[in-house]
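J.: For reference, the structure I am asking about is given below.
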C-alpha cells in the first residue's frame, strides 16, 4: 500500500529512488517517469517516492495567471499511487521553497530528508529559485550528494510533447482525442449535482446539473459521450457543456443525461468522464429542433459507447 505524506517530516528517513514534478493529470509522460522510479527502487532495493507539490507552483509564483488544473489533489494522489510507487510526498509549495536555490533544494529535500540514491526526471526538468537548475545542475549536485540522476526522454503525440499544459490546451480547444491519448484514460470532472432550471425534464431528457471546482479544466463547449460514476457504479451518459443558447442562457452549465436509467441525483457527488466529443454547441430555432438533435446525439453516444 502506498504511503501518503504531506510533509518531509511525515516520511521515515531511508534511501529512496525519487521522481519529482507537479504531475498534474498524471499523464502518459508522467507515468514513464513514475514507472522508472518504481523499477529503480526495486532494482536498488530502496523505497520509490513520487514528490509532487500543493498548491501548484504557478498559484504561488503568478497567482493571477495560474492555469486551471486537470485533477483535484486527491485525484492526483490516487493516480500517483496507482503507478505502484511506495510513497507519495505532497510537498507544500511555499514562498520559502520557491526562493530556495537549486543547491539548497537538493541538499535539504533530495539528499538530507529523502536520502535519494536515484532521481528520475524528464529532460526538461527545472528546479530551484527562478527555475535556475536543470538536468546538468542535478548531475553536478548528484556527484556531491551521492545520488545518480536519470533524465528520461519526453513522449510525443503527432509531433507535440505530452505535457499538462498541452493536455489543457487540447481540452479547451475541444480536441478530446489528443488529450485522451496523452492522458491514457478518459478525462474526468468531479462535482456535486445542483438544482437547475429543469429544462431537461421539460423536453424529455432529464439531466444532472453539475457544479465543479472552479480551478479545474472544463472541456470546450459541446456535447460528449462518456459515463457518470456514482457509488462505484458507472452509467453511460451524454454530457453537454455550454450556455444553452437555444434558451438564451448566459451561465456555463455542465449537464449529464444518463442513458440507462433515471435517478434522483440532487445533492449527490459524482464523476463525469469525457470519452468522445460528438459535436460543438450551437443554437437551435426552438425546442422541437433541439429535441430532434438530442435524439441524434443520444443515438451517436449509444454507438460510441458500444451500447447498441
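The values are calculated or read from the model by the stated rules, or taken from the named source; none is laboratory data. All of these numbers come straight from a predicted model, not from anything done at the bench. Glycine also receives a Cβ, built like all others from the backbone with ideal geometry; neighbour counts cover every protein chain displayed.
J.: Looking at residue 133, is it surrounded by 18 or more Cβ atoms within 10 Å (Cβ to Cβ) and either in contact with a helix residue (DSSP H, G or I) (Cβ under 7 Å, 6 or more places away or on another chain) or assigned by TED's automatic domain parsing to the domain that holds residue 26 (or both)?
T.: On the way: surrounded by 18 or more Cβ atoms within 10 Å (Cβ to Cβ): yes; either in contact with a helix residue (DSSP H, G or I) (Cβ under 7 Å, 6 or more places away or on another chain) or assigned by TED's automatic domain parsing to the domain that holds residue 26 (or both): yes.
Yes; evaluated as a whole, the condition is true for this residue.
J.: Sticking with this one: Any idea which of 54, 39 is surrounded by fewer than 22 Cβ atoms within 10 Å (Cβ to Cβ) and closer than 24 Å to residue 129 by Cα?
T.: The unique qualifying residue is 54.
J.: If you go through the range 258-275 one residue at a time, how many are under 18 Å from residue 305 (Cα atoms) and assigned to a strand (DSSP E or B)?
T.: 6
J.: Moving on to the next point. For the structure I just gave you, tell me whether residue 78 is in the same structural domain as residue 48 (by TED's automatic domain parsing), surrounded by 15 or more Cβ atoms within 10 Å (Cβ to Cβ) and either out of contact with any helix residue (DSSP H, G or I) (no Cβ under 9 Å at 6 or more places or on another chain) or touching a residue at least 24 places away in the same chain (Cβ under 8 Å) (or both).
T.: When the stated conditions are applied, residue 78 passes them.
J.: Report those helices (runs of 4 or more DSSP H) wholly inside the range 75-190 carrying at least 1 residues which are within 20 Å of residue 25 (Cβ to Cβ) and at pLDDT 95 or above.
T.: Where helices (runs of 4 or more DSSP H) fall fully within the range 75-190 and carry at least 1 residues being within 20 Å of residue 25 (Cβ to Cβ) and at pLDDT 95 or above, they are 164-173, 176-183.
J.: Determine whether residue 45 is out of contact with any strand residue (DSSP E or B) (no Cβ under 9 Å at 6 or more places or on another chain), surrounded by fewer than 17 Cβ atoms within 10 Å (Cβ to Cβ), more than 13 Å from residue 22 (Cα to Cα) and in the same structural domain as residue 150 (by TED's automatic domain parsing).
T.: Values: out of contact with any strand residue (DSSP E or B) (no Cβ under 9 Å at 6 or more places or on another chain): yes; surrounded by fewer than 17 Cβ atoms within 10 Å (Cβ to Cβ): yes; more than 13 Å from residue 22 (Cα to Cα): yes; in the same structural domain as residue 150 (by TED's automatic domain parsing): yes.
Answer is yes for this residue.
J.: Looking only at the range 289-301, decide whether some residue is under 21 Å from the mean Cα position of the chain (by Cα), modelled with pLDDT of 95 or more and crowded, with 20+ Cβ neighbours inside 10 Å.
T.: no
J.: Moving on. Since residue 206 meets every condition but one in (1) in contact (Cβ under 8 Å) with a residue 12 or more places away in the chain; (2) more than 22 Å from the chain's Cα centre (by Cα); (3) farther than 30 Å from residue 256 by Cβ, which condition does it not meet?
T.: If we test residue 206 against (1) in contact (Cβ under 8 Å) with a residue 12 or more places away in the chain; (2) more than 22 Å from the chain's Cα centre (by Cα); (3) farther than 30 Å from residue 256 by Cβ, just (3) comes out false.
J.: OK, next. I'm checking my understanding of the structure. Among residues of the range 261-282 that are surrounded by fewer than 14 Cβ atoms within 10 Å (Cβ to Cβ) and at pLDDT below 90, which one is nearest to residue 241 (Cα to Cα)?
T.: 282
J.: If you don't mind, there's one more thing I want to ask. Given the criteria closer than 25 Å to residue 2 by Cβ and buried (at least 17 other Cβ atoms within 10 Å of the Cβ), does residue 164 qualify?
T.: So residue 164 passes the test.
J.: Scan the range 11-33 and give yes if some residue there is part of a helix (DSSP H, G or I), in contact with a strand residue (DSSP E or B) (Cβ under 8 Å, 6 or more places away or on another chain) and surrounded by 20 or more Cβ atoms within 10 Å (Cβ to Cβ), otherwise no.
T.: yes
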